[in-house]
1. List the pairs from LYS97/LYS225; LYS97/LYS213; LYS166/LYS313; LYS213/LYS313; LYS189/LYS237 whose alpha-carbon separation is above 18 Å, in the order I gave them.
2. Taking R0 as 41 Å, what's the FRET efficiency between LEU261 and LYS225 from their Cβ-Cβ distance, rounded to 0.05?
3. Using the Karplus equation 6.51 cos²θ - 1.76 cosθ + 1.60 (θ = phi - 60°), what ³J(HN,Hα) coupling, rounded to whole Hz, does each residue of the range 166-182 give in order, writing x for Gly and Pro?
4. If you plug each phi of the range 207-214 into the Karplus form 6.51 cos²θ - 1.76 cosθ + 1.60 with θ = phi - 60°, what whole-Hz ³J(HN,Hα) values come out, in order, with x for Gly and Pro?
5. Taking amide H positions as placed in the peptide plane 1.01 Å from N, state which residues far from LEU304 in sequence (5 or more) or on other chains have amide H under 5 Å from it.
6. Just the number: Rg to Rh for the range 142-265, Cα atoms, Kirkwood Rh, two decimals.
7. Take ASP291, project a point 7 Å from its Cα along the Cβ direction, then tell me which residues of the range 197-241 have their backbone nitrogen under 14 Å from it.
8. If amide hydrogens are placed 1.01 Å from N in the peptide plane, which non-local residues have theirs closer than 5 Å to the one on GLY120?
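Values quoted throughout were computed directly from the atomic coordinates according to the rules given, and no laboratory measurement underlies them. Only a predicted model underlies this, so the values are computations on that prediction, with no experimental measurement involved. Cβ coordinates were reconstructed from backbone atoms using ideal geometry, including for glycine residues, and neighbour counts include every protein chain displayed.
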Amino acid sequence: MNVQTPKLLFRRQLLHNAGRGMVREQSRCFSCSSRHAQQPTNPPKPSQDAPRLTHFGFETVAEAIKEQKVRGVFSSVASSYDTMNDLMSVGIHRLWKDYFVRNLNPGQNPLKSSSSSEQGWNILDIAGGTGDIAFRMLDHASTINNDPYTKVTVADINPDMLAEGKRRSLVTPYARSPRLNFVEANAEKLDMIPDSSIDLYTVAFGIRNFTHKDVALREAYRVLKPGGVFACLEFSKVNNTLFNEVYKRWSFGAIPLIGQLVAGDRDSYQYLVESIERFPSQTEFRDMIQDAGFLVPGQGWEDLTGGIAAIHKGVKPLEPKITKEFIN
């Protein structure tokens with residue numbers, strides 16, 4: 001009989017644990033999360049033969065599996081998406097979304113339009129699976145601009161989020177209307193959308209989850225018509241030091257715990273607050289929009305609630321007077 005010594009058993013256990021790779025922490029204290037956030041935002045460069053790496057919250061993962069992990073998060077929270085956003089923003093996300101849509105003023109008012117050849121706007125709402133932005137866009141176009149033609153395509157990579165959006169659409173006037181369409185698609189590869197065919201591209205609380213944000217921005221530029229607008233509503237960087245300290249303690253201390261108590265899912269909520277911390281600052285994201293070819297109005301963004309969220313805009317270049325109409 002072969003008897004293993006304690007030292008040999010211990011050595012084998014170490015080798016076994018090392019082979020298992022990184023294990024996600026079940027919870028993190030605020031100070032630990034702050035130390036993670038202060039680390040460089042770019043993932044380490046892989047060797048030539050190693051898989052390309054990216055961030056998933058504070059974890060470093062292979063690019064090939066990030067999409068799968070993000071899909072898992074949003075499949076988990078699809079049915080409690082409003083609750084999730086209520087927790088992330090203390091309910092203010094509803095006001096932000098209302099303002100976002102009013103600010104964009106979707107639709108073609110027949111009393112103000114000089115063109116009779118085109119009817120309504122063609123809007124693409126990316127990562128908009130539950131329909132929150134799409135329903136507001138259509139309501140605004142119909143009731144404010146008296147436009148019964150503007151249409152919205154809701155694109156999302158997650159079929160569970162799309163299913164939730166379709167379910168919610170049943171209580172709106174648009175459920176079986178040609179004005180509303182749901183499509184499963186990756187924002188980094190919108191092959192089903194022709195070049196220069198979209199008037200307005202929106203993405204709300206979604207772009208921070210993209211693996212290659214620069215690629216998604218170039219796709220947005222491709223599908224927009226000249227003069228078309230890219231508009232992004234996203235969590236951002238708080239611009240007051242004291243407020244930022246309070247907000248981060250709430251985010252990292254309370255939100256994952258509430259997620260566990262309310263939705264039985266701590267890990268998904270932990271990822272979401274980490275993804276906010278990893279998202280570029282207002283100036284960095286503005287520069288990314290410019291690098292994709294867009295013109296940006298003014299400083300390029302508008303802070304909401306002290307910078308908890310921000311609205312970014314970019315315009316695909318056109319004649320100055322037409323571009324101005326979209327920016328203002």
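1. Violating the 18 Å limit, Cα to Cα: LYS97/LYS225; LYS97/LYS213; LYS166/LYS313; LYS189/LYS237.
2. Using R0 = 41 Å, I get an efficiency of 0.30.
3. Karplus-based 3J(HN,Hα) across the range 166-182 equals 4, 5, 5, 5, 5, 9, 10, x, 9, 4, 10, 9, x, 7, 10, 9, 10 Hz.
4. Karplus-based 3J(HN,Hα) across the range 207-214 equals 5, 5, 8, 6, 6, 10, 5, 5 Hz.
5. Long-range HN contacts for LEU304: ALA309, ALA310, ILE311.
6. Rg divided by Rh gives 1.04.
7. What the label zone holds, given the 14 Å backbone N cut-off, is 212-219.
8. GLN108
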